[in-house]
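Working notes, beginning with the structure itself.
The values are calculated or read from the model by the stated rules, or taken from the named source; none is laboratory data. In this text, all values refer to a predicted model and were calculated from it rather than measured experimentally. Positions of Cβ are backbone-derived with ideal geometry, glycine not excepted, and every protein chain shown enters the neighbour counts. SASA here: full protein model, heavy atoms, side chains in, ligands and nucleic acids out. Shrake-Rupley method; radii C 1.70, N 1.55, O 1.52, S 1.80 Å.
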Amino acid sequence: FAISRTTITNAQYVLFVNDSNHPVPSHWTNRRAPPGRRNHPVVNVTLYDAIAYCEWLTHLFKQPFSLPSEAEWEKAARGMHALIYPWGNKWETSRANTVEMGLRDTLPVSELTVGQSSFGLLHMAGNVFEWTRTIWGLDEEKPDYVYPYDENDGREALGTGPEVYR
C-alpha cells in the first residue's frame, strides 16, 4: 500500500471543496482556511468528509484512494520493527506535537521532522487525530475488534453510523 507522507493540508482540502462544492470545515470563513494555515493539517472534518475527499481523488486521478486501515496506519507509523513510537521505543517530547510539548496548536505538516517514522512519514504521533477506515466499536474504552487483524471480520465496514468509533 501507499500512504501520504503527511496529513492532508488545508491547501489540498480547499482544492477538493472548491472543485466538488463539498461543505467546508466549520471554522473556515468564506470557504477559506484560516489565514496563514495553508500548510497546516485540515481539521474538523468528519469521517464522511474524509471518505468524500478520497473519492474525489479517485475520480481526479483515475486510480483508487482510500483511508488507510488501522493495520496499514500502524505499519506506516511503527515501521518494520514495530516500534512503540515512530522514532523509536523511548518517548521524547521534542519529537511530537502533543500536550507535553505545550504548543496547544497544530504545526505545519512539514515541520518536526525529528519525529518522522522509519518510512519518512511525519506527525504519526501528535499534531492531529487521523481517520482510518477501521472500526473501533461502540465503546470508547474497549475495542470491538482486536488483534490479530482480520480484514474480513467486519472491522472495515464503511457503512456504519456516526455512533461507531474509528
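For the reader, a short list of remarks on this structure follows.
- Residue check for V146: among the β-branched types (V, I, T) and out of contact with any strand residue (DSSP E or B) (no Cβ under 7 Å at 6 or more places or on another chain): yes
- Search result, residues across segment 83-108 that are assigned to a loop (DSSP other than H, G, I, E, B), open to solvent by 60 Å² or more (accessible area, probe 1.4 Å) and not acidic (D, E): I84, N89, K90, W91, V99, L103, R104
- Only one entry of G126, G154, G115 meets the criterion of being open to solvent by less than 80 Å² (accessible area, probe 1.4 Å), modelled with pLDDT of 95 or more and on the phi > 0 side of the Ramachandran plot, and that entry is G126.
- Failed item, numbered, when S66 is tested on (1) over 30 Å from V146 (Cβ atoms); (2) touching a residue at least 24 places away in the same chain (Cβ under 8 Å); (3) under 17 Å from the mean Cα position of the chain (by Cα); (4) open to solvent by 70 Å² or more (accessible area, probe 1.4 Å): (1)
- Residue tally, condition in a loop (DSSP other than H, G, I, E, B) and free of Cβ contacts under 8 Å to residues at least 12 places away in the same chain, over segment 5-15: 0
- Within the set P148, P143, the sole residue that is open to solvent by less than 60 Å² (accessible area, probe 1.4 Å) and either in a loop (DSSP other than H, G, I, E, B) or out of contact with any Gly (no Cβ under 7 Å at 6 or more places or on another chain) (or both) turns out to be P143.
- Yes/no for A52 being small (G, A, S) and within 19 Å of L121 (Cα to Cα): no
- Residue that is least open to solvent (accessible area, probe 1.4 Å), among those in segment 31-59 that are in contact (Cβ under 8 Å) with a residue 12 or more places away in the chain and of a type in the set (D, E, K, R): D49
- Any chance G161 is at pLDDT 95 or above, among the small types (G, A, S) and assigned to a loop (DSSP other than H, G, I, E, B): no
One line per residue, one yes/no per condition, for (1) more than 25 Å from Y165 (Cβ to Cβ); (2) modelled with pLDDT of 95 or more; (3) of a type in the set (K, R):
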{"position": "L15", "(1), (2), (3)": "yes, yes, no"}
{"position": "R38", "(1), (2), (3)": "yes, yes, yes"}
{"position": "P86", "(1), (2), (3)": "no, yes, no"}
{"position": "T98", "(1), (2), (3)": "no, yes, no"}
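- All positions within segment 16-30 that are outside any loop (DSSP other than H, G, I, E, B) and surrounded by 14 or more Cβ atoms within 10 Å (Cβ to Cβ): F16, V17, S20
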